[in-house]
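Trainee: What follows is a structure written as structure tokens; I'll ask about it next.
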Amino acid sequence: MNLYTLVLDFHGGTYISQFDADTPQDAVAAWCKELCDNELLGQISHAVAEGVMIDAIENDLVEVDGLHGAWCAAASVEDQLALLNVIITQRIV
């Protein structure tokens, strides 16, 4: 299992979370579930999670050009861009 750091830029805010997962797509799925379960962005949480899941899973995560172990997914929600970056993260012991 790997540790992934997920960074969401949305509506002027930056939100950072970490998840243990087998793949970056599994980390996105866990993030989306937490976003919905806890409504971290308020009522719009479900729309952001759904849009990001569609892009990340159905369209595949896009590897960030020039980087290794970094991907992104995006969604447009109420005319606002939700950009999620997924970064494989080294644990410091």
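The values are calculated or read from the model by the stated rules, or taken from the named source; none is laboratory data. Nothing here was measured: the structure is a model prediction, and the numbers come from that model. All Cβ positions, even for glycine, are placed from backbone atoms using ideal geometry, and neighbour counts span all protein chains on display.
Trainee: Please determine whether any residue of the stretch 1-11 is out of contact with any Gly (no Cβ under 7 Å at 6 or more places or on another chain), in a strand (DSSP E or B), of a type in the set (Ser, Thr, Tyr) and surrounded by fewer than 14 Cβ atoms within 10 Å (Cβ to Cβ).
Mentor: So in the stretch 1-11, the residues out of contact with any Gly (no Cβ under 7 Å at 6 or more places or on another chain) come out as 1-11.
Now drop any that are not in a strand (DSSP E or B), which leaves 2-10.
Adding the requirement that they be of a type in the set (Ser, Thr, Tyr) leaves 4-5.
Remaining after also requiring surrounded by fewer than 14 Cβ atoms within 10 Å (Cβ to Cβ): none.
No.
Trainee: Still on this structure: Any residue in the stretch 53-73 that is more than 24 Å from CYS36 (Cβ to Cβ) sitting within a Cβ distance under 7 Å of a residue that is of a type in the set (Phe, Trp, Tyr) and modelled with pLDDT of 95 or more? List the pairs, counting only those 6 or more apart or interchain.
Mentor: What qualifies is GLU63/TRP71; VAL64/TRP71.
Conditions (1) in a strand (DSSP E or B); (2) surrounded by fewer than 18 Cβ atoms within 10 Å (Cβ to Cβ); (3) within 12 Å of the chain's Cα centre (by Cα), marked per residue:
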{"residue": "LEU40", "(1), (2), (3)": "no, yes, no"}
{"residue": "GLN43", "(1), (2), (3)": "no, yes, no"}
{"residue": "VAL48", "(1), (2), (3)": "no, no, yes"}
{"residue": "VAL52", "(1), (2), (3)": "no, no, yes"}
{"residue": "ASP55", "(1), (2), (3)": "no, no, yes"}
{"residue": "GLY66", "(1), (2), (3)": "no, yes, no"}
{"residue": "ALA75", "(1), (2), (3)": "yes, no, yes"}
{"residue": "LEU83", "(1), (2), (3)": "yes, yes, yes"}
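Trainee: Of the residues ALA56, ALA75, only one is in contact with a helix residue (DSSP H, G or I) (Cβ under 8 Å, 6 or more places away or on another chain), farther than 13 Å from LEU6 by Cα and of a type in the set (A, V, I, L, M, F, W, C); which? Before you say what the answer is, go through the steps one by one.
Mentor: On the way: ALA56 fails: farther than 13 Å from LEU6 by Cα.
Matching residue, one of ALA56, ALA75: ALA75.
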